[in-house]
Amino acid sequence: MASSSEIKPGIPVSLKELSSSPMFKQGASLRVAGKLQSYSVDTAIAVITDGGASLMIDTHHLRDKGFRLGSIYQFIGELLIQPDNHATLQARVGRNVDGMDLNLYKQSLQLRRQFESELLSSRRT
């Protein structure tokens, strides 16, 4: 039996689809990617953007804090939703992925979901 303190895998989700996704819930373990728009050394809060959407990232638990504005980063962590519906990802992993094509990444997410949906359908029959 799994314990509640078990580390869950980060489910890949694009920033644009996050707010309307079933994954937009308190404590959801997510993997997100986007361009670093801002970073505050004082608060350890970063903001990443992609496709007109943005997300605040709490980086307190990350060791490497050599962030570069304009670079592309991928973060894995848990979603914290405030009462006003503003979300922050409490990052446990963060890495620079400057070589990643975000459009191709989004296409791969769509193909993965399509495959998972087809797999589930085939198992039901």
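The values are calculated or read from the model by the stated rules, or taken from the named source; none is laboratory data. Predicted model, so just to flag it, every value in this text is computed and none were measured. All Cβ positions, even for glycine, are placed from backbone atoms using ideal geometry, and neighbour counts span all protein chains on display. The area values use the complete protein model at the heavy-atom level, side chains included, leaving out ligands, DNA and RNA. Shrake-Rupley method; radii C 1.70, N 1.55, O 1.52, S 1.80 Å.
Only residues that are open to solvent by 20 Å² or more (accessible area, probe 1.4 Å), under 14 Å from the mean Cα position of the chain (by Cα) and at pLDDT 85 or above were counted in region 1-42, giving 11.
Tell me yes or no: at least one residue of region 94-110 is surrounded by 13 or more Cβ atoms within 10 Å (Cβ to Cβ), among the basic types (Lys, Arg) and within 20 Å of PRO22 (Cα to Cα). Yes: one or more hits. Among residues of region 78-103 that are under 18 Å from PHE67 (Cα atoms), those with a beta-carbon under 7 Å from a residue that is among the polar types (S, T, N, Q) at least six positions away or on a different chain give the pairs ALA91/THR59; GLY94/THR59; ARG95/GLN74; ASN96/SER71; VAL97/GLN74; ASP98/SER71. ARG63 meets each of the listed conditions (1) touching a helix residue (DSSP H, G or I) at 6+ places or on another chain (Cβ under 8 Å); (2) without any contact (Cβ under 8 Å) to a residue 24 or more places away in the chain apart from (1).
Quick one: count up the residues across region 71-93 that are over 14 Å from THR49 (Cα atoms) and surrounded by fewer than 19 Cβ atoms within 10 Å (Cβ to Cβ). It would help to see each step written out before you state the result.
Here is the first cut: in region 71-93, the ones over 14 Å from THR49 (Cα atoms) are 76-86, 90-93.
Okay, now just the ones that are also surrounded by fewer than 19 Cβ atoms within 10 Å (Cβ to Cβ), so 78, 80-86, 90, 92-93.
Looking only at that region, the number is 11.
Within region 49-74, the residues that satisfy the criterion of being in contact with a Leu (Cβ under 6 Å, 6 or more places away or on another chain), within 20 Å of LYS106 (Cα to Cα) and modelled with pLDDT of 95 or more are LEU55, ILE57, SER71, TYR73. If you go through region 61-70 and keep only what is surrounded by 12 or more Cβ atoms within 10 Å (Cβ to Cβ) and of a type outside the set (D, E, K, R), you end up with HIS61, LEU62, PHE67.
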